[in-house]
1. Filter the range 18-35 down to the residues that are under 16 Å from Tyr69 (Cβ atoms) and basic (Lys, Arg) and list them by number.
2. Counting just the residues of the range 15-30 that are among the basic types (Lys, Arg) and farther than 21 Å from Asp62 by Cα, which one comes out surrounded by the fewest Cβ atoms within 10 Å (Cβ to Cβ)?
3. Tell me which residues, restricted to the range 55-94, are farther than 22 Å from Gly2 by Cα and modelled with pLDDT of 90 or more.
4. Quick one: in the range 34-52, which of the residues that are part of a helix (DSSP H, G or I) and among the small types (Gly, Ala, Ser) is farthest from Ala20 (Cα to Cα)?
5. Specify the residue that is surrounded by the fewest Cβ atoms within 10 Å (Cβ to Cβ); the eligible residues are those in the range 1-14 that are in a helix (DSSP H, G or I) and free of Cβ contacts under 8 Å to residues at least 60 places away in the same chain.
Amino acid sequence: MGDPYVVAIKPSARRACRAAGEWVAEHGRYRSFDSKPLAREWARTASPQGRTLWVQDAHPRDVGPADGYLLARRSHFRGNEAELPGEQAPLLGE
């Protein structure tokens, strides 16, 4: 078996997902998986209804133990509205 795939659980994911927040509280902000597909599967199954969690590879120049990051899309919806895929916040507050 190869090296584990280490995921850093980012604050956006902890706020969006109770399971991610509980993992950080109990084990710290990193979680190891046997593979990247297993990390992605955990993100998919841990995503609460109406929110999207995903694993993004770390930049090659990032220093640290993480191979990737667990992220959540920022949500500004009020309740029963569907979250649209690919929606991004402006960089410069346009």
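1. Correct list: Arg29, Arg31.
2. Residue satisfying both the conditions and the ranking: Arg18.
3. Scanning the range 55-94 gives Leu71, Ala72.
4. Ala39
5. Checked the range 1-14; the qualifying residue surrounded by the fewest Cβ atoms within 10 Å (Cβ to Cβ) is Pro11.
The values are calculated or read from the model by the stated rules, or taken from the named source; none is laboratory data. The model shown is predicted, which means the values in this text are computed figures rather than measured ones. No Cβ is skipped: glycine too gets one built from the backbone with ideal geometry, and neighbour counts run over all protein chains shown.
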